[in-house]
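Values in this text are rule-based calculations from the coordinates and carry no lab data. The structure displayed is predicted, hence computed values, not measured ones. Don't worry about glycine lacking a Cβ; one is built from the backbone with ideal geometry, like all the others, and counts go over all protein chains shown.
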Amino acid sequence: MMTSRELVYKTLSFQNYDRVPRQLWYLPWAKDHYPDQFAKIREDFPDDIITVDYNGMKSTEGSQIREVYSSGDPYEVGTYVDYWNCRFTNFHRGVIGEVKEPLITGENWEHKEGIRIPEECLKIDKDRVNFFCQSTDKFVLAGD
């Protein structure tokens with residue numbers, strides 16, 4: 001039996017004949033409205049591909065980025081501002097909102113001053129990320 005990581009590598013090199021690697025992309029809405037069915041799907045079809053949770057992997061300087069540069073909750077009704085300074089309007093709990101006011105409005109990028117590049121996102125503890133990747137046999141993608 002192949003590990004999840006081996007399964008993904010074999011698939012990417014067209015040498016996998018067992019099954020397709022799995023990764024369930026879901027929104028909180030599904031979990032909120034169908035918790036039993038959601039749990040059963042997760043149990044019967046576990047992910048082969050996972051992501052690093054960078055919230056716990058940020059360096060000291062980068063660890064406060066969400067608290068300092070974002071506001072709101074991306075999955076709750078209301079307004080959410082991400083750390084790029086992008087504003088999302090959400091009318092339904094459990095799904096991510098829509099961008100109603102784009103940061104760049106001109107075709108020639110003449111209104112680019114509203115963009116804030118979140119350089120803090122790049123300041124992660126690489127040793128912790130590497131440890132996480134080595135501690136699992138899953139195929140690991142970068143998160144945020």
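Annotations for the structure displayed:
- Among the residues of the stretch 6-56, those that are of a type outside the set (V, I, T), under 23 Å from P74 (Cβ atoms) and in a loop (DSSP other than H, G, I, E, B) comprise Q23, L24, W25, Y26, L27, Y34, D47, D53.
- Filtered residues of the stretch 97-129 (kept if surrounded by fewer than 11 Cβ atoms within 10 Å (Cβ to Cβ) and within 23 Å of I50 (Cα to Cα)): L122, K126, D127
- Subset tally (residues that are among the polar types (S, T, N, Q) and in a loop (DSSP other than H, G, I, E, B)) for the stretch 76-92: 1
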